[in-house]
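Participant: Structure incoming, see below.
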Amino acid sequence: MRAVLRPSSPGPRGRRSPGWRSTLYRWDIKAIPYVFVTPFFLTFAAFGLFPLIYTGWLSLNRVELGGDPSWKGLENYTDLATSEFFWNALFNTFTIGVISTVPQLLMALGLAHLLHYKLRGRGFFRVAILAPYATSIAAATLVFAQLFNTDYGMINGVLGWVGIDPVNWESSKWPAQIAISAIVIWRWTGYNALIYLAAMQAVPQDLYEAASLDGASRWRQFVSVTIPSIRPTILFTVVVSTIGATQLFGEPMLFGGSVGISGGSGNQFQTLSLLMYEKGWVTGALGQASAIAWVMLLLLLLVGGVQALVSRHNRKKLGG
């Protein structure tokens, strides 16, 4: 009889573990996402977290350009609390923020409402209102500085036609702040209008049809349907505009020309950002400049906290 040869089974040394591929696959699935996000965290740590912590440490020290730091504790912050320049800059930041933000958002709401309805050339106007946003701060500010020039500016020329004496837009406190606010309004109104327009287009048409059947006019529909529906977007633009006003730097500096860093000859439009720059790079007091930076950060955190509380209240109100 012929013997049947059977293949011999591999010994324990040649046998591979059946789960090694699945183990590598599980490790691959768990590790690859961290590999992808690691560059972001490294960049944030190098250019975001480290400067933030280092600035906080500088704010607790006396630091001069070219000198060694010496510990001061909270003395830089107490000096700010008793500094008239700090309170003047804080007040100017607040007033310029209000003068520029309120008209800007109201105009943006009106433009978005007009563009929301059928309008001939609507696509052209949607692109055109973004042109100021695409313009550089330097170019826009230089043009407005010429328009508001006390001697030969077009604004004073128009005021002279209606019998109003020329206004000193650069040296007077409130005219200077109004002129700077005009630059901010011109640059950011179209941007906010497009944000509002996108929110309006997400409002269900059934609400407008029901309001129309009830006899509501377009104005009543805007007040009773559009505004409540886009309230979260309005709150978002208010917060973003407030943050932008707190960090206002380029417009007042370029508008003031040679005295732009100090916010005019009498600090009449010096903002917190300008004061921080002046303390750090003109007088060389980096510790005080760092303290101002942290005060601005705390103000922005306060604004963000107010937004979170208002949003939470609105969600509870809608849920209830």
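Participant: Could you work out the relative contact order of segment 27-109, using alpha carbon pairs under 8 angstrom and six or more residues apart, expressed as a whole percent?
Facilitator: Across segment 27-109, relative contact order equals 13 percent.
Participant: Right, another one. Whole-Å semi-axes of segment 119-270's equivalent ellipsoid, largest first, each the root of 5 times a Cα gyration tensor eigenvalue? Please list the in-between numbers first.
Facilitator: Details: eigenvalues 284, 66, 45 Å².
Over the Cα atoms of segment 119-270, the semi-axes work out to 38, 18, 15 Å.
Participant: With no solvent and one point on each alpha carbon, what is the Debye value of log10 I(q)/I(0) for the chain at q = 0.08, 0.12 Å⁻¹?
Facilitator: The computed values of log10 I(q)/I(0) come out as -0.57, -1.04.
Participant: In nm, to one decimal, how far is the N314 label point from the N149 one, both placed 7 Å along Cα→Cβ?
Facilitator: Inter-label distance under the simple model: 4.5 nm.
Participant: Would you tally the net charge around N88, using a Cβ to Cβ cut-off of less than 13 Å, leaving N88 out, and scoring K and R as +1, D and E as -1?
Facilitator: Residues near N88 contribute -1 overall.
Participant: What number results when the radius of gyration of segment 233-315, computed over Cα atoms, is divided by 2.2 N^0.38 Å?
Facilitator: Cα-based Rg divided by the globular estimate yields 1.30.
Participant: At 10 °C and 1.306 mPa s, what whole-number value in µm²/s does Stokes-Einstein give for the translational diffusion of segment 71-140, with Rh from the Kirkwood sum over Cα pairs?
Facilitator: In µm²/s, the coefficient rounds to 99.
Participant: Between V127 and V102, what FRET efficiency follows from the Cβ-Cβ distance if R0 is 35 Å, with the result rounded to 0.05?
Facilitator: On the way: r = 26 Å, r/R0 = 0.75.
After rounding to 0.05, the efficiency reads 0.85.
Participant: Separate question: Can you give the FRET efficiency to the nearest 0.05 for D68 and Q247, using r as the Cβ-Cβ distance and R₀ = 41 Å?
Facilitator: Efficiency, from the Cβ-Cβ distance: 0.85.
Participant: Sticking with this one: How high is the relative contact order of segment 169-317, in percent, with contacts defined as C-alpha pairs under 8 Å that are six or more residues apart? Numbers along the way, then the final one.
Facilitator: Details: 108 pairs, mean separation 33.3, N = 149.
Rounded, it is 22 percent for segment 169-317.
Participant: Okay, moving on. Round to a whole angstrom and tell me the spacing of the C-alpha centers of segment 73-105 and segment 136-154.
Facilitator: One Cα centre to the other: 25 Å.
Participant: Would you kindly give the portion of the calculated P(r) for segment 131-200 that falls above 13 Å, as a percent of all Cα pairs?
Facilitator: It works out to 68 percent of all Cα pairs.
Participant: Suppose each label sits 7 Å from its Cα in the direction of the beta carbon; what would the E84-V223 distance come out to in nanometres?
Facilitator: Computed distance between label sites E84 and V223 equals 4.7 nm.
Participant: For the chain, calculate the relative contact order in percent as a whole number, restricting contacts to Cα pairs under 8 Å that are 6 or more residues apart. Present the calculation step by step, with values, prior to reporting the outcome.
Facilitator: Numbers: 321 pairs, mean separation 80.4, N = 320.
Reported relative contact order: 25 percent.
Participant: In what sequence, highest mean first, do 287-294, 76-83 appear when ranked by Cβ atoms within 10 angstrom?
Facilitator: Numbers: 287-294: 23.6, 76-83: 15.1.
Going by the mean number of other Cβ atoms within 10 Å, highest first, we get 287-294, 76-83.
Participant: Return the distance in nm (one decimal) between the two label points of a simple spin-label model at L49 and E209, each offset 7 Å from Cα along Cα→Cβ.
Facilitator: Label-label distance for L49 and E209, simple model: 5.3 nm.
Participant: Send over the semi-axes of segment 44-195's equivalent ellipsoid, whole angstrom and largest first, taken as the square roots of 5 times the C-alpha gyration tensor eigenvalues.
Facilitator: After diagonalising the Cα gyration tensor, the semi-axes are 39, 25, 14 Å.
Participant: Hey, another quick one. Which length gain, in nm to one decimal place, applies between L42 and L119 when the Cα-Cα distance is subtracted from 0.36 nm times their residue separation?
Facilitator: Separation in residues times 0.36 nm, less the Cα-Cα distance, equals 22.9 nm.
Bear in mind that the values in this text are calculations on the coordinates, not laboratory data. None of these values were measured; they are calculated from a predicted model. Cβ: placed from backbone, ideal geometry, glycine included. Neighbour counts: every protein chain shown.
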